[in-house]
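FYI, it's all coordinate maths here, none of it is from the lab. What you see is a predicted model, and the numbers here were worked out from it, not measured in a lab. Backbone-built Cβ (ideal geometry, glycine too); neighbour counts: all protein chains shown.
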Amino acid sequence: MCNLYSMTAPQEAIRRRARALVDRTGNLPSMPAIWPDTAAPVVRQGAEGRELTLARWGMPSPAFALRGHKVDRGVTNIRNLSSAHWRRWLGIEHRCLVPFTSFSEMEHLPDGSIRPVWFADGPERPLCFFAGIWTSWTSVRKVKEGEVTADLFGFLTTEANAVVAPVHPKAMPVILTEPEEFELWLTGPFEIARELQRPLDPGKLESVGRGEREDKGE
């Protein structure tokens with residue numbers, strides 16, 4: 001599962017590509033390594049129109065996963081959309097686009113070690129989006145923080161395509177590359193929008209790096 005990705009595109013490019021009217025991110029820096037529970041940009045439908053804002057990566061965990069735990073570290077990747085836990089957040093008001101320029105899966109090496117393998121839509125790492133969901137939630141994310149209310153997000157996964165499968169055969173993120181897909185995910189009825197939960201065309205994805213914990217591009 002993807003637990004590390006990169007977003008190095010300018011925020012103006014995100015606003016333009018996703019048609020965001022409002023930007024609440026301030027001076028958004030380049031983010032060559034985004035880890036779980038990091039505040040990262042998402043695009044969602046807001047009270048004043050489509051907005052670019054920040055949320056913490058990791059949706060609320062199902063109750064069964066929290067038994068015996070005082071901290072909810074969140075769920076970054078979401079696959080089973082028929083689960084009652086996730087169904088509550090599949091309406092338009094909870095869908096979002098998660099901008100990225102590359103993502104990684106961990107490669108297991110013969111000596112037992114692991115290293116990131118980075119994937120993108122070509123070596124130039126053009127801006128793409130994950131199909132995500134978000135919610136505002138009160139929980140304990142870190143013991144030192146105590147209970148906090150925060151906007152949280154995660155993104156959908158699906159079967160791995162032929163490019164990702166040799167590294168991570170079980171799954172890959174749901175990737176959206178076309179404006180029509182962005183609009184369908186943010187505004188379409190779910191029975192149609194859920195058809196976007198499919199592997200990306202292998203011709204639109206390639207391995208662009210190995211071993212680095214950050215993807216700063218070339």
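Figures for the structure shown
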| item | result |
| --- | --- |
| Per-residue HN-Hα couplings for the stretch 136-142 [Karplus 6.51, -1.76, 1.60; θ = phi - 60°; Hz; x = Gly/Pro] | 9, 8, 9, 6, 9, 8, 9 |
| Charge tally in the Cβ shell below 15 Å around LEU81, where Lys, Arg are +1 and Asp, Glu are -1, LEU81 excluded | +3 |
| 5 angstrom amide H check on CYS96, placed H, neighbours 5+ away | GLY132, ILE133, TRP134 |
| From phi via Karplus (6.51, -1.76, 1.60), per-residue ³J(HN,Hα) for the stretch 29-45 in Hz, x at Gly/Pro | x, 5, 10, x, 8, 10, 9, x, 6, 6, 6, 9, x, 9, 10, 8, 7 |
| Net charge over other residues, Cβ less than 12 angstrom from the Cβ of CYS2 (K, R count +1; D, E count -1) | +1 |
| Over the chain: helical MRE at 222 nm, DSSP H runs n ≥ 4 each giving -39500 (n - 2.57), nearest 500 | -3000 deg cm²/dmol |
| Cross-link reach list, aspartates and glutamates versus LYS70, counting only Cα pairs under 14 Å and skipping chain neighbours closer than eight places | GLU145, GLU147 |
| Cut-off under 5 Å, modelled amide H: who pairs with GLY209 long-range | TRP118 |
| Sequence-distant residues sharing a close amide H with GLU214 (under 5 Å, placed H) | none |
| Loop GluC sites (Glu not before Pro), the stretch 108-181, which have at most 14 other Cβ atoms in a 10 Å radius of their Cβ (DSSP) | GLU124, GLU145, GLU159 |
| LEU81 paired with GLU159, simple spin-label distance in nm, labels 7 Å along Cα-to-beta-carbon | 1.6 |
| Within-9-Å neighbourhood charge of GLY122 [Cβ basis; K, R +1; D, E -1] | -1 |
| Derived scalar couplings ³J(HN,Hα) [the stretch 198-209; Karplus, 6.51 cos²θ - 1.76 cosθ + 1.60; whole Hz; x for Gly, Pro] | 8, x, 5, 3, x, x, 9, 8, 8, 6, 10, x |
| Trypsin sites (Lys or Arg not before Pro) restricted to DSSP loop in the stretch 131-181 with at most 11 other C-beta within 10 Å | LYS142, LYS144 |
